[in-house]
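Encoded as structure tokens, the structure appears first; notes follow it.
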Amino acid sequence: MLSHAASETGEKAAFPLNEMAEEYFKVAFHSQPVRQENGKEFNCDLVFKGDEKVGMVKGVRSDIGRAMLNIMTNAFEAVQLQKEQKGEAFQPKVIVETKKRAKGVEVVITDNGPGVSKEDQQKIFDPFFTTKPPNKGTGLGLSLAFETIVLVHKGKLNVESELGKGTSFKIFLPA
């Protein structure tokens, strides 16, 4: 609800996508509760692969950033959950890649968390749908991301996931 209220209605302007994506990636990681129940620091491999050809994109920077932040935050929560389930042998990893495409740009956010079932993938962008336990999520983050990317910016937002192996979200923004 707060994200809807805070959403900008500003005009679209050009901004450097790689810089913004890397900034929000760091913010997402540092905003996570980084302590496990046993008191150990949470370690995660953070990989950013920015395609230099991406350059500037046109859109409402803060809205696109908030959409990416919601997805990135979910990725960090997923790898933390996988670490709790698999133990010390598991090494969490989140990758953010930007890619220049023929008719726009793509941002791919991938984690090696527990994955999302095929059934849940069909509902994942619905408002108030969540796979998180009660009091752990509102079910608005991905629906707001979908609204921002697809409805406002006329892009695409897709999810690919395999249980036990991880999840990738692909954001496409047209040129």
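The values are calculated or read from the model by the stated rules, or taken from the named source; none is laboratory data. What you are looking at is a predicted structure, and each value in this text was computed from that prediction instead of being measured. In this analysis, Cβ positions are derived from the backbone assuming ideal geometry, glycine residues included, and neighbour counts consider all displayed protein chains. These accessible areas exclude ligands, DNA and RNA; they are computed on the full protein's heavy atoms, side chains included. Shrake-Rupley method; radii C 1.70, N 1.55, O 1.52, S 1.80 Å.
Observations on the model:
- Sites E160 and E84 - FRET efficiency at Förster radius 30 Å, r taken between beta-carbons, to 0.05: 0.80
- The largest-to-smallest principal axis extents of the Cα set in the range 96-157 are 41, 28, 20 Å.
- Top of N43, N74, N135 by mean-square fluctuation, Gaussian network on the chain, Cα under 10 Å: N135
- Fully extending the segment from K53 to E41 would add 0.7 nm, taking 0.36 nm per residue of separation and subtracting the current Cα-Cα distance.
- The ellipsoid equivalent to the alpha-carbon distribution of the chain has semi-axes of 26, 18, 15 angstrom, derived from the gyration tensor eigenvalues as √(5λ) and listed largest first.
- Gaussian network model of the chain, springs between alpha carbon atoms under 10 Å - residue of G115, G164, G65 with greatest fluctuation: G164
- Where chymotrypsin sites (Phe, Trp or Tyr not before Pro) fall in DSSP loop in the range 71-173, at most 11 other Cβ within 10 Å: F128
- Note on the range 142-175 and the range 87-104: Cα centroid distance 14 Å, given to the nearest whole angstrom.
- Taking trypsin sites (Lys or Arg not before Pro) across the range 54-104, the ones in a DSSP loop with at most 10 further Cβ atoms lying within 10 angstrom of their Cβ are K103.
- Full extension of the chain segment joining Q122 with Q32 gains 29.7 nm, where the gain is 0.36 nm per residue of separation less the Cα-Cα distance.
- Candidates A78, A67, A89, ranked by Gaussian network fluctuation over the chain, Cα under 10 Å, top entry: A89
- In a simple Cβ point-charge model (Lys, Arg +1; Asp, Glu -1; nothing else charged), the chain has a dipole of about 360 debye relative to its Cα centre.
- Put L173, L69 in order of accessible area, highest first, and with a 1.4 Å probe you get L69, L173.
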